[in-house]
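Chemist: I am attaching a structure below and will ask some questions about it afterwards.
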Amino acid sequence: MEKGVYRRIAIFVAGLFIMTLGIAISTKADIGTTPISSIPFVVCLSTGIDLYITTLIMNLILIAMQYVVLRRDFKFVSLLQLPTAIVFTFFTKITVDLVSEWHPNSYAECWLYSVVSVIVLGIGVAMVVNSRTTMVPGEGAVLALSIKTKIPFSRMKIIFDVTNISLAAAISLLVFGQFEGVREGTVFAAIFIGVTVRYATKVFKRLSPDPENNIS
């Protein structure tokens, strides 16, 4: 039992790191980052504040939003997202520094970066979900909105991502007069991250000896 708990925590932490690596790679693609990181990245570009700081602020806002939306239905266990947000921020700083010297030299390489980022991020998300520990703030916000509105989680996830992209695009146009950080790669990520998560989950189901670690 205890061994199983440690295993889930290890999968969760590894998944968080892989998620941030995928996000970091997407910021180097120059054709748009992922939907969940689009607002922090555009704010980073427009203010000069480091991405890991804007990511932490975004995650704290998402946790607060869950409380505002759910009120009495907000579970105390949801506060576990706070340390998760801090670890996520720490990993973001590490991975952004890790890829700081990566620069695509052509439009084709930009797409290569974008595709790799989607695959890496999708694997990380699948690991976090399969760990069955706690949620990251983005997923927690989607779940809270789904509960409140009675809209299915999968559909609310699409609404949430489109809203993130729209807000990031609006900020970009307001500040730069053009799209920065939100481009065709962002749309690609919005469509194919979910596909990657589904395929990665199937692989985890085959490899994991513990059915409780799988998602349906």
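Chemist: Of Phe176, Ala10, Val99, whose Cα points farthest to the positive end of the dipole of the chain (charges on the beta-carbon: +1 Lys, Arg; -1 Asp, Glu; origin at the Cα centre)?
Modeler: Ala10
Chemist: Additional query: First measure r as the distance between the Cβ atoms of Phe74 and Leu112, then evaluate 1/(1 + (r/R0)^6) with R0 = 41 Å and state the FRET efficiency to the nearest 0.05.
Modeler: Rounded to the nearest 0.05, the efficiency is 0.45.
Chemist: As I understand it, the value is the acute angle between the Cα axis of helix 153-176 and the longest principal axis of the Cα atoms of the chain; what does it come to in degrees, rounded to 10?
Modeler: 30
Chemist: Scale the Cα Rg of segment 2-213 by the rule-of-thumb value 2.2 N^0.38 Å and send over the ratio, two decimals.
Modeler: 0.99
Chemist: Checking a compactness column here: for segment 1-117, what do you get for Rg(Cα) / (2.2 N^0.38 Å), N being the number of residues?
Modeler: 1.21
Chemist: Using only Cα atoms, find the angle between the long axis of helix 137-149 and the longest principal axis of the chain, and express it within 0 to 90 degrees, rounded to the nearest 10.
Modeler: In the chain, helix 137-149 runs at an angle near 70 degrees to the longest axis.
Chemist: Under 5 Å between amide H atoms, partner at least 5 residues away or on a different chain: which partners does Gly181 have, H built in plane at 1.01 Å?
Modeler: Residues meeting the amide H criterion: Gly32.
Chemist: If you average the alpha carbon positions of segment 89-133 and of segment 1-58, how far apart do those two centres end up, in angstrom?
Modeler: 8
Chemist: Another question, then. Given the DSSP H assignment, sum -39500 (n - 2.57) over each helix run of at least 4 residues in the chain and divide by its residue total; what's the result at 222 nm in deg cm²/dmol, nearest 500?
Modeler: Taken over the chain, the calculation gives -26000 deg cm²/dmol.
Chemist: With springs only between Cα atoms under 10 Å apart, run a GNM on the chain and tell me which of Ile193, Ile39, Ile86 wobbles the most.
Modeler: Ile86
Chemist: Using modelled amide H (1.01 Å from N, peptide plane; none on Pro or chain starts), what sits under 5 Å from the amide H of Val99, excluding residues fewer than 5 places away?
Modeler: none
Chemist: Give me Thr92, Thr133, Thr163, Thr27 ranked fewest to most by other Cβ atoms within 10 Å of their Cβ, as a rough exposure proxy.
Modeler: Thr163, Thr133, Thr27, Thr92
Chemist: What is the magnitude of the charge dipole of segment 2-213 about its Cα centre, with +1 placed on the Cβ of each Lys and Arg, -1 on the Cβ of each Asp and Glu, and no other charges, expressed in debye to the nearest 20?
Modeler: 980
Chemist: Here is the link list: Lys157/Lys205; Lys28/Lys205; Lys28/Lys157; Lys93/Lys205. Which ones come out longer than 28 Å on Cα distance?
Modeler: Over 28 Å apart, Cα to Cα: Lys28/Lys205; Lys93/Lys205.
Read-outs throughout are calculated quantities, based only on the coordinates presented, and are distinct from any laboratory measurement. Computed from a predicted structure; not experimentally measured. No Cβ is skipped: glycine too gets one built from the backbone with ideal geometry, and neighbour counts run over all protein chains shown.
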